[in-house]
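The values are calculated or read from the model by the stated rules, or taken from the named source; none is laboratory data. Keep in mind that what you see is a predicted model, and the values were worked out from it rather than measured. Glycine also receives a Cβ, built like all others from the backbone with ideal geometry; neighbour counts cover every protein chain displayed. Only protein heavy atoms, including side chains, enter the accessible area calculation; ligands, DNA and RNA are left aside. Shrake-Rupley method; radii C 1.70, N 1.55, O 1.52, S 1.80 Å.
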Amino acid sequence: MDHSEQQHLVNAPFYAEQAGEVALFEHAFRQRLPVLIKGPTGCGKTRFVEHMAARLGRPLITVSCHDDLSAADLVGRHLIGEQGTVWADGPLSRAVRSGAICYLDEVVEARKDTTVVLHPLADDRRVLPIERTGEQLVAPPGFMLVVSYNPGYQNLLKSLKPSTRQRFVALTFGYPAPDVERGIVVAEAGVEPALAERLVTLAQALRRLTDHDLEETVSTRLLVMAARLVASGLPLHVACRSAIVDALTDDFDTAAALDEVVVAILGTRT
């Protein structure tokens with residue numbers, strides 16, 4: 001590892017590797033292959049991409065996808081200014097021109113016709129056609145396309161078509177193993193290992209629940225939030241109620257049931 005690589009690691013956001021995903025991402029980058037990351041909410045997908053961009057020394061352009069995201073929002077559009085009509089690149093075009101990593105977070109939330117513009121970038125062509133200007137942007141070696149989604153939210157209306165999905169190298173994320181998750185909570189919240197241990201034990205208990213209608217279970221992100229509240233002086237049970245229980249459900253009975261689990265694991269309401 002040379003000096004520049006060491007400096008990139010120093011500047012990279014904290015990320016605890018789980019199962020060789022860092023090496024796989026680096027290989028995909030060197031081979032100019034796009035990457036698809038699948039995993040539940042709050043498991044570290046975005047942090048991983050931020051870490052890898054810094055590690056590789058590449059700028060990162062992130063797009064949070066939503067139902068109204070159009071192809072023009074990604075690629076660009078003509079705007080009327082003082083000097084007349086001018087072309088304004090969208091985030092995808094800017095990423096291609098600058099050789100950045102372009103990260104489309106929750107890509108299945110975007111409109112179906114929007115993801116089609118990714119196809120020529122995600123295969124051997126590595127080209128972004130801009131029909132409105134007649135340009136064919138050829139991606140430089142430093143450009144990389146990364147997309148993510150949460151399989152738990154998928155349905156017939158919100159899923160990647162096989163023609164899109166099979167253009168990507170896939171990485172499947174889950175919640176970290178307990179020892180890794182404890183380390184994440186300690187590093188991210190600056191708390192003692194004993195507190196991290198209690199919070200991770202609580203998370204494991206909540207994740208085993210199957211008799212409550214929860215869209216998502218407790219994420220590593222929520223554990224870090226609870227730990228940060230405790231570190232600032234908030235009582236443990238209050239922090240868990242606010243950052244975990246009430247974040248998981250709006251239903252009073254379900255919240256009460258989850259709260260009982262919190263008390264059973266942590267043994268406190270203060």
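Using the Cβ-Cβ distance between D124 and F14 with R0 set to 35 Å, the FRET efficiency works out to roughly 0.50. Panel note: the C-alpha atoms of the range 82-201, placed on their principal axes, show extents of 61, 38, 30 Å (largest first). DSSP finds beta bridges in the range 85-149, and of those with both partners inside it, around 50 percent are antiparallel.
Annotation for the range 167-235 versus the range 94-149: alpha-carbon center distance of 33 Å.
How long are the three semi-axes of the equivalent ellipsoid of the range 223-270, in whole Å, if each is the root of 5 times an eigenvalue of the C-alpha gyration tensor, listed from largest down?
So the three semi-axes of the range 223-270 are 18, 12, 7 Å.
Taking all protein chains in place and a 1.4 Å probe, what share, in percent, of the accessible surface of the chain do carbon and sulfur account for? Looking at the chain in its full context, I get 52 percent from C and S. Per-residue ellipticity at 222 nm, computed for the chain from helices alone with -39500 (n - 2.57) per DSSP H run of at least four residues, works out to -11500 deg cm²/dmol.
Where does helix 178-189 land angle-wise versus the long Cα axis of the chain, in degrees 0 to 90, nearest 10? Once rounded, the angle reads 80 degrees.
Note on exposure: M225, M144 ranked by accessible area (1.4 Å probe, complete protein assembly) read M225, M144, with the most exposed listed first. Note on the range 12-90: Cα Rg divided by 2.2 N^0.38 Å, N the number of residues, gives 1.45. In the chain, the longest principal axis of the Cα atoms and the axis of helix 45-56 are about 60 degrees apart. Distance between the pseudo-spin-label points of F252 and Q136 (7 Å out from Cα toward the beta carbon): 6.5 nm. Ordered from longest to shortest, the equivalent ellipsoid semi-axes for the range 175-264 are 21, 14, 10 Å, each the square root of 5 times a Cα gyration tensor eigenvalue. When K45, K38, K112 are compared by accessible surface with a 1.4 Å probe, the order from highest to lowest is K112, K38, K45.
Taking only Cα atoms of the range 115-270, what ratio of Rg to Rh do you get with Rh as the Kirkwood inverse-distance radius? Don't skip to the answer; put the middle values down first.
On the way: Rg = 21.3 Å, Rh = 18.6 Å.
Here the Rg-to-Rh quotient is 1.14.
Per-residue extension of 0.36 nm, minus the Cα-Cα distance of H66 and K112, leaves a gain of 15.4 nm for this segment.
Entry comment: accessible area of the range 44-94 is 50 Å² per residue, from protein heavy atoms only and a probe of 1.4 Å. Size descriptors for the range 62-121, from the alpha-carbon set: Rg then Dmax equal 12.3, 38 Å.
Considering every Cα-Cα pair within the chain, what fraction, in whole percent, is farther apart than 35 Å?
On the way: 10120 of 36315 pairs.
Roughly 28 percent, rounded to a whole number.
Of the residues E192, E135, E260, the one with the largest accessible area comes first in the ranking E192, E260, E135, computed with a 1.4 Å probe on protein heavy atoms. Counted over the chain, the DSSP beta bridges are approximately 35% antiparallel. Spin-label model, E260/L234: points 7 Å from Cα along the beta carbon direction are separated by 2.5 nm.
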